[in-house]
1. Among (1) among the charged types (D, E, K, R); (2) over 25 Å from His17 (Cβ atoms); (3) modelled with pLDDT of 75 or more, where does Lys69 come up short?
2. Give me a count of the residues in region 77-102 that are in contact (Cβ under 8 Å) with a residue 40 or more places away in the chain, on the phi < 0 side of the Ramachandran plot and assigned to a loop (DSSP other than H, G, I, E, B).
3. Report yes if Ser88 is surrounded by 16 or more Cβ atoms within 10 Å (Cβ to Cβ), of a type in the set (S, T, N, Q) and either under 20 Å from Tyr4 (Cα atoms) or more than 13 Å from the chain's Cα centre (by Cα) (or both), otherwise no.
4. Considering only residues that are without any contact (Cβ under 8 Å) to a residue 12 or more places away in the chain and loosely packed, with under 11 Cβ neighbours inside 10 Å, which ones fall in region 54-75?
Amino acid sequence: MLPYFSLEKDLAAYVKHQGIRPGDIYSFYPVTNNQALSWLDEDFAYADASHANMDTCRYVITSNVYNIKNPEAIHAKAQQWIPLKHFSRGQVYLKLYKNPAR
């Protein structure tokens, strides 16, 4: 089993503990998958960044598990943001960033 799923749980726990609304956090599938579907748990989902303007997003999650056309552009943009938390196991990671302008 990929360590992604345990990282997903750790990130969700961190977000809840910090009082950040999941809808204010943008990312890409599968990170945006609703936990009600994957864990049969409460309704908890991040916003889909597929068509969002990154400059208007409050938070973003970067990862090496999503499959998008240009991950380098997303990672480069996030490097200009404030890193809040980094979760990793093996070669899988999830990083939460805050937009300094928001």
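The values are calculated or read from the model by the stated rules, or taken from the named source; none is laboratory data. Computed from a predicted model, the values in this text were never measured in an experiment. Cβ coordinates were reconstructed from backbone atoms using ideal geometry, including for glycine residues, and neighbour counts include every protein chain displayed.
1. Only one criterion in (1) among the charged types (D, E, K, R); (2) over 25 Å from His17 (Cβ atoms); (3) modelled with pLDDT of 75 or more is unmet by Lys69, namely (3).
2. Count: 3.
3. Details: surrounded by 16 or more Cβ atoms within 10 Å (Cβ to Cβ): no; of a type in the set (S, T, N, Q): yes; either under 20 Å from Tyr4 (Cα atoms) or more than 13 Å from the chain's Cα centre (by Cα) (or both): yes.
No: the conditions fail for Ser88.
4. Lys69, Asn70, Glu72
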